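A.B. asks: Have a look at this one.
Every read-out reported here was derived from the displayed coordinates using simple, explicitly stated rules and does not represent laboratory data. Here the structure is a predicted model, which is why all the values come from computation and not from measurement. Reconstructed Cβ throughout: ideal geometry from the backbone, glycine too, with neighbour counts over all protein chains shown.
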Amino acid sequence: MMIELLADEDDDATRAEFETTVADLAVRVPRVEMLTLLSQPNDARDCYFNIQAGTGGADACDWGEILLRMYLRYFEQSGYNVELLSRKDGEEAGIQSVSLHVKGSYAYGYLSCEIGVHRLVRISPFSAQGKRETSFSSVDVQPDIEDIEIEIDWDKEVREDTYRSGGAGGQHVNKTSSAVRLTHLETNLVAQCQSQRSQHKNRASARKMLMARLYQLEQAKRDKELAKYYGNKGQISWGNSIRSYFLYPEQRVKDARTGHMTSNSQAVLDGDIQAFIDAELRRRAASRRM
C-alpha cells in the first residue's frame, strides 16, 4: 500500500514513514530468521551460566573476569535478567569461577552456543617483562528445567559442604555458613550457591543446578555436538578451544567452529557477540540437515 502511495504522489510524510518501516523490518527479519533455528527442546528455557578460569594463575583469573564483564554486557543488551549464584575470586586478581542464573527469551538456545573453551592472547599485565601470555577460561551452560526426572540419593550420592560466603553481601554472609556446595560423587560434578542468606534456599538452588548439570551430562552422551566439549566425568576438555581473542600483536577475534572473525576485539569484549552466536546457530542447523 505504501509503495503504491509513493508511486502516486511525492508525499514526504509517507516516504518518511515508509523508510522507517523498512529500517524496522531490516532489524526484525534477521532476528525472526534466527528464532527459526532455535528449535531444540530446551532452547526457549532459562539457563545456568558458568565461567571457570583455566590454569595460568592471575592471567587466567583475570581473563575469567573479562569474560564475565563481556557476558554481563551482552545479557544487559539482550534484556536478560541475571542472578549471581556463586563467585570465587582469584588469589591475586579476577575470578576462579562464577555461576549465574540467566532468565529471558531463548536464553539457553542462544547461550548454549558459547559452551567451550575461550582463549585469550595478549601482553600480560602481570608480567614485569611484558611477555605475551595465552590464557584459557571455559564456559558451560545448562538449561533450567523444572521437571527434570533424575533420581538422586542425596544422602549417599552427594557430598554437601557448607561455608561462609565471601565478598559483598553484608555482615550476615561473613558470619554464618549459609553457602552450600554439593558434589556428585560419581561424576565429580559440583554445584554451589551463596546468593541467599538462608542455607535452606541456597541448598535448594544448588540441588536444582546440580540436577541440570547431570541432565546436561546425559544429553552430552547422546549429542555429538555437546559431547565434543565434555571429557571424563562431565568436565569440559581444555583442548576444545571454540574461540580465540587476540589482543597482541594484532586485534582480532575468531571462532574456530564457524570461521566468523572481526578485527574489532574491543567491541566483542564490550558484549557485541551476537554475530558469533548467530553464526554458530546457522552452523548447527546446517549440520543437522546433513
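A.B. asks: Can you sort SER265, SER287 so the residue with the fewest Cβ neighbours within 10 Å comes first?
C.D. replies: Numbers: SER265 18, SER287 10.
In order of increasing Cβ crowding within 10 Å: SER287, SER265.
A.B. asks: Would you kindly state how much longer the chain becomes between MET261 and ASP147 on full extension, computed as 0.36 nm times their sequence separation minus their alpha carbon distance, in nm to one decimal?
C.D. replies: Details: separation 114, 0.36 × 114 = 41.04 nm, distance 3.87 nm.
Stretched out fully, the MET261 to ASP147 stretch lengthens by 37.2 nm.
A.B. asks: Follow-up. Exposure proxy check: ASP270, ASP43, ASP255, ASP59 ranked by fewest other beta carbons within 10 Å? Intermediate results must be reported in sequence, preceding the final value.
C.D. replies: Working: ASP270 14, ASP43 18, ASP255 21, ASP59 26.
The most exposed by this proxy come first: ASP270, ASP43, ASP255, ASP59.
A.B. asks: What is the order of CYS193, CYS61, CYS113, fewest Cβ neighbours within 10 Å to most? Walk me through the numbers before you get to the answer.
C.D. replies: Working: CYS193 28, CYS61 25, CYS113 22.
Arranged by neighbour count, lowest to highest, CYS193, CYS61, CYS113 become CYS113, CYS61, CYS193.
A.B. asks: Report the FRET efficiency, 1/(1 + (r/R0)^6), for GLU160 and ARG197, where r is their Cβ-Cβ distance and R0 is 25 Å, rounded to 0.05. Please list the in-between numbers first.
C.D. replies: Values: r = 18 Å, r/R0 = 0.72.
With a Förster radius of 25 Å, E is 0.90.
A.B. asks: Still on this structure, I have one more. Applying 1/(1 + (r/R0)^6) with R0 = 30 Å to the Cβ-Cβ distance of ASP223 and GLU92, what FRET efficiency is obtained, to the nearest 0.05? Present the calculation step by step, with values, prior to reporting the outcome.
C.D. replies: Working: r = 38 Å, r/R0 = 1.25.
After rounding to 0.05, the efficiency reads 0.20.
A.B. asks: Specify the inter-centroid distance of the range 119-134 and the range 192-213, based on alpha-carbon positions, in whole Å.
C.D. replies: That distance is 36 Å.
A.B. asks: Taking a threshold of 28 Å on the Cα-Cα distance, which of the pairs LYS156/LYS221; LYS224/LYS254; LYS88/LYS224; LYS208/LYS228; LYS103/LYS201; LYS201/LYS224 fall above it?
C.D. replies: Details: LYS156/LYS221 24 Å; LYS224/LYS254 23 Å; LYS88/LYS224 31 Å; LYS208/LYS228 25 Å; LYS103/LYS201 18 Å; LYS201/LYS224 35 Å.
Too far apart for the 28 Å limit: LYS88/LYS224; LYS201/LYS224.
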